[in-house]
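Only one structure is covered here, and it is reproduced in the block below.
Values in this text are rule-based calculations from the coordinates and carry no lab data. Since this is a predicted model, take the numbers as computed values, not measurements. Using ideal geometry, Cβ is built from the backbone for each residue, glycine included, and neighbour counts are taken over all protein chains shown.
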Amino acid sequence: MTSPIEGFSKLTKAEKIEWITSNYTNNSTASKQTLAQYCNSDVILQKLHDEFIENTITNYYLPLGVAPNFLINNKLYAIPMAIEESSVVAAASKAAKFWLSRGGFKASVIGTEKIGQVHFMYEGDVKKLQGFIDSLQPRFRKDTANITANMEKRGGGITGIELRNKTAALKNYYQLHCTFETLDAMGANFINSCLEQFANTLKEQAVRYESFSDTEKRIEVVMSILSNYVPNCIVRAEVECPVASLNDDPSVDPNVFAEKMVRAVAIAKAEPFRAVTHNKGIMNGIDAVVLATGNDFRAIEAGVHAYASKDGKYSSLTHAEVTNGIFKFWIELPLALGTVGGLTSLHPLAKLTLEILQKPTAVELMQIVAVAGLAQNFAAVRSLVTTGIQQGHMKMHLLNILNQLNATEAEKKVLVNHFKTNTVTHSAVVAAFEQLQNAK
Ligand code: MEV
């Protein structure tokens, strides 16, 4: 068994690689080669990536694809997507094209409020605490003035600091529930800096507050941190068209198709097991754009799934209906995104993807990302209620299997052709590959 290591972070990159490959891999030389293959020969670019995180040993690539033909609020976009799953970019492109000829997507932002909280314990009179917090309002603003100056110049800043009594949930537990407008920044650093200052002000001023007893003066701050649950930072995206023009496949009756789509969404609303997979399909589109544009996909995931449970039960993020012969399909979800600051300004590919998206504001990016989620869900549910997803999926998966088998370009060409008329299964691909090799 390998023994623990002291001071790993202080080793050079080469020493770290030596240690990890010789202690945890079977073939150190081959492992080192793999790591080296993914290292960038441009030393400056590699250094940039090495400095994003700690203990880097190489880079981990994901493919970056583009889904063109997205008409959003009458503006045409090609959406960059970073994702490893086959079919996702193809499905997005297909949905984009489908809706392009039907008026495209409409999207609007309902709110952009960000949230952060100072969690603290207080033992004493609630009314006195409320009076104390009310009296502190100007002080909270003054003490954070150096943090908020720039944001305020641009029209953002702190929009509210309110006391919340959480003692029904936990003895002596209160919060400063704070709201922010962070404009084009995701705002995590801004919010957390403000919150930590609020916490200091709270503690310092409590000791001096004359109406407090000695016990009341001992406010204990537990933590200060933004919330990734942002139910007032909401975007809506939608598509609609007459049912009659819904389906371009003549073998499917558009009325039946519309009914199937609405029913599939109804099932995702009613049944959490289905809702999770339904929403996972939405996140295929959302995460891919969030990641490509250098945003924090974990924050988005956490917030979106919390929102999917906001009514007490995990449910679908999309909605569908047919009214007066019009099919409507829409999504509403929280997306706290940024187009300035953080990785968006540091990662060369994030900068490029934002350029491809025509340098959107955060509000525009929210709309684009919501549309990517809606398109993804439309494509997935459409396949599910018609052909099933495996037909398209396995075709896309074919190349992955052939790559695993180390097929040559010539072999791939023959086998892709063969599987145009044969069902793709893992064993069928292996058998066809072996047969091709034996025929040589
Ligand atoms: C696969 O990544 C996503 C789907 O399962 C989504 C869905 O079932 O709606 C196809």
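Using the Stokes-Einstein relation with a Kirkwood hydrodynamic radius computed over Cα pairs, the translational diffusion coefficient of segment 129-175 at 10 °C and a viscosity of 1.306 mPa s comes to 128 µm²/s. Given a Förster radius of 22 Å and the C-beta distance between Gln390 and Asn417 as r, what FRET efficiency does 1/(1 + (r/R0)^6) yield to the nearest 0.05? The value I calculate is 0.65.
Using a 10 angstrom Cβ neighbour count of at most 14 plus a DSSP loop assignment to flag exposed chymotrypsin sites (Phe, Trp or Tyr not before Pro), which longest range of the chain is free of such sites? Spell out each step's value before the answer.
Working: sites that count: Tyr38, Phe52, Tyr60, Tyr61.
Longest run free of exposed loop sites: 62-440.
Sparsely packed loop sites in segment 288-350 (the trypsin sites (Lys or Arg not before Pro) outside DSSP H, G, I, E and B with at most 16 other Cβ atoms within 10 Å) comprise Lys310, Lys313. Note on Ser9, Ser101, Ser87: ascending count of other Cβ atoms within 10 Å places them as Ser9, Ser101, Ser87, the fewest first.
The C-alpha atoms of the chain define a longest principal axis, and helix 390-404 lies at about 90 degrees to it. Computed over the chain, relative contact order equals 17 percent, with contacts defined as Cα pairs under 8 Å that lie 6+ residues apart. For the pair Ala428 and Leu352, label points projected 7 Å from Cα toward Cβ lie 3.7 nm apart.
Our Cα-only numbers for segment 323-424 put the radius of gyration and Dmax at 19.8, 55 Å.
Taking segment 1-127 as the region of interest, the number of lysine pairs whose Cα atoms are within less than 14 Å, with members eight or more places apart or on different chains, is 5. Please label the shape of segment 259-371 as rounded, prolate or oblate, based on the square roots a ≥ b ≥ c of the eigenvalues of the alpha-carbon gyration tensor (a/c under 1.5 means rounded; beyond that, a/b larger than b/c means prolate, else oblate). Judged from the Cα gyration tensor, segment 259-371 comes out prolate (a/c at least 1.5, a/b above b/c).
Shape summary of the chain, radius of gyration then Dmax from alpha carbon positions: 26.6, 93 Å. By the beta-carbon count within 10 Å of each Cβ, the least crowded to most crowded order of His426, His397, fewest first, is His426, His397. Taking label points 7 Å from Cα along the Cα-to-Cβ direction, Glu18 and Asn403 give a separation of 3.3 nm.
Legend: ranking of residues Glu85, Glu409, Glu162 from fewest to most surrounding C-beta atoms inside 10 Å; resulting order Glu409, Glu162, Glu85.
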